[in-house]
Each structure stands twice: as C-alpha cells, then as structure tokens.
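See below for the structure under consideration.
The values are calculated or read from the model by the stated rules, or taken from the named source; none is laboratory data. Everything numeric here is computed off the predicted structure, so don't read it as measured data. Cβ: placed from backbone, ideal geometry, glycine included. Neighbour counts: every protein chain shown. Just the protein is used for accessible areas: all its heavy atoms, side chains included, with ligands, DNA and RNA removed. Shrake-Rupley method; radii C 1.70, N 1.55, O 1.52, S 1.80 Å.
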Amino acid sequence: DPVAHVTAPVVAVTERLPGWATLVRAPNPSPMTLDGTNTWVLRSGVDEPALVVDPGPALEAHLRAVADTAGTVAGVLVTHSHPDHVEGLERFCELTRAPVVTPPGGEPTDLSGLRVTVIDTPGHTADSVCFVVEAGGAAAVLTGDTVLGRGTTVVAWPDGDLGDYLDSLQRLQRFAGMPVLPGHGPALTDCAAAASYYLAHRRARLQQVAAAVAGGATTPARVVEQVYHDISPDLREAAEWSVRAQLAYLEQSTDRGESPPGSEPLDTL
C-alpha cells in the first residue's frame, strides 16, 4: 500500500557490507533515530587511515568506540547538520585530530584510497548530501537521512523542502543495484529501488494531502488527523513537519500553474 505508514525496510536488507565499511551505531534509539544513529568507518585497506561519516551524538563512549574502531582518521565527512549526526563532531575531531573534509560536489575525489563522490541531495534538510564511495571493486551510497534503512524520512520543514527532496530522490535513482548505507536502520540492497519507492510514497501522500485540503482540512494538525491516522502519537510532530512541507509544495505548484506530482494517477507512478 503506497499510502500506509511505512515502518519496515522499503527494499531488501543486505547482510554483506562492502569490505571497506564498518558500522558503529550510537546508543541513542528513539522514534526518530530508529535503532540509533549510524556512524560509518570507511577504510580501503588495513594500512590506510580511515574516513568517518557522521560521528553522531555527543556521547563520549560512542565517540571513543568510533575512534578505537577507526584508528588513524584521515578525515570526517558529514551528511547533514542534525544534532544526532554532528553533535559529537567537535569532540571527535579533538579525540582523533582529524579534519572535517568537504570534497567538491559531483566529481570523484580520492581520499585514503577511497573514491568519494558528493551528491547534493537537499530536501530532508537544506544541507543534506549523499556520498557514493568506491574501493576494491565495491561501491555503495551513504545516504544520511535522505534514505533510511527502515521506514521513510521526514522532510524537516522549514529547513527541508519537498520539491528539493523529490528532485534528490530522482537523482538517487541513477544508482541501480548499489547498496545503501543509511544514517539510521539497516543497510539496503538497492539505492535506486529504495528511491523509487520513496518517490511513489511521497506522491501518493501528496494526493492524500491535496484531497484533505479540498475537503476542508485547514491546518497541518487536521491534515495529520486525516492522512496520518495510523501513526503513533510520538510521531505526530514529525508528521506535522512533513505536512507543512507538503502544503508549501502544493501552494508553490499552484502559484506556478503546475500540476504537482501528487496529481497523477497512482498507476502511473
């Protein structure tokens, strides 16, 4: 059902990570962070310094566990600026004496034997990026919160923008058959398939929201009551963020005289 509340992985979970990737999960589980924030330690070989993606929250035991796993750290990459991903960044850099690395977008950069390409993927937040990483014949996409290992992500209005998010998902459809190493939840088998599911889900939700507004739902809270009636109470605030983003998107589309993606029949998605 494309409009049901999604809590499971949207594509198959992969049990085999690339040989260059190690997961260190932060002990900060919650309805928003799922099992906790995923910190990824990337190393192309045993003698190479590591890259660390999203040091995570400011929990000393977690940061030290990441530092111990990583050993020498050549640099730190960040997918976006939400606290559960970067609150511990300053302390981690202090522990490891590693710099924050910001490769240019779009072009591959060699970092410690890893080929890293930054993909601009705003939408969840304005500053969200993904990293396509290749080494030893294996590639994967580190998606932060743009694609999660379980369920779907929040477009965190007003920093997040639904139009940008839909564009970003279309961008991620290029990476067919490439595993997803997400910011929360398990690793997935296929980035393109996950992005395609997310697109269909978002467009179906837009249809529901547009219908609720047409039926007289005039506030985000009322829309949530009608459209997100199957979510748990602790996710209502997050649902309202997404509804505000959806309403802004529908209003912008109307102002431009466009038919938004949510207006197509579901069987065309």
Charge dipole of the range 111-241 built from unit charges on the beta carbon (Lys, Arg +1; Asp, Glu -1), centred at mean Cα; most positive-end Cα among TRP157, PRO182, THR125 is PRO182
Descending accessible area (1.4 Å probe), largest on the left, turns TRP20, TRP157 into TRP157, TRP20
Within the range 1-133, the percent of DSSP beta bridges that are antiparallel, given to the nearest 5, stands at 75 percent
Label model pair ASP127, ASP47: point-to-point distance (7 angstrom along the Cα→beta-carbon line) in nm is 3.7 nm
Measure of exposure for GLU48: accessible area at 1.4 Å probe, Å² rounded to 10, is 80 Å²
Residues of the range 179-216 with backbone N under 19 Å of the label point set 7 Å from the Cα of HIS229 along Cα→Cβ are 204-216
P(r) over all Cα-Cα pairs of the chain, 10 Å bins from 0 to the longest distance, whole percent per bin, short to long, reads 7, 30, 34, 19, 8, 1, 0
For the range 127-269, the charge dipole (Cβ of Lys, Arg +1; Cβ of Asp, Glu -1; about the Cα centre) points to a positive end, and the Cα of ALA239, ALA214, SER196 closest to that extreme belongs to SER196
Pseudo-spin-label distance ALA8 to ASP120, built 7 Å along Cα→Cβ, given in nm, is 3.7 nm
Scoring the chain by relative contact order with C-alpha pairs under 8 Å, at least six apart, yields a percentage of 17 percent
Rounded to the nearest Å, the spacing of the alpha-carbon centers of the range 103-138 and the range 1-78 is 15 Å
Using the Cα gyration tensor of the range 44-182, the equivalent ellipsoid's semi-axes, largest first and to the nearest Å, work out to 24, 19, 12
Tilt, helix 162-172 to longest principal axis of the chain (alpha-carbon atoms), in degrees rounded to tens, equals 50 degrees
Within the set GLY36, GLY144, GLY45, GNM on the chain using Cα springs under 10 Å gives the largest fluctuation to GLY45
Between ALA61 and THR254, the FRET efficiency computed from the C-beta separation at R0 = 51 Å comes out, to the nearest 0.05, as 0.55
About its Cα centre, the range 30-117 carries a charge dipole, from +1 on Lys and Arg Cβ atoms and -1 on Asp and Glu Cβ atoms, whose size in debye to the nearest 20 is 100 debye
Rounded to the nearest 10, the angle in degrees between the Cα long axis of helix 236-255 and the longest principal axis of the Cα atoms of the chain comes to 60 degrees
Protection proxy (average C-beta count within 10 Å per residue), highest first, orders 178-187, 232-241, 76-85, 107-116 as 178-187, 76-85, 107-116, 232-241
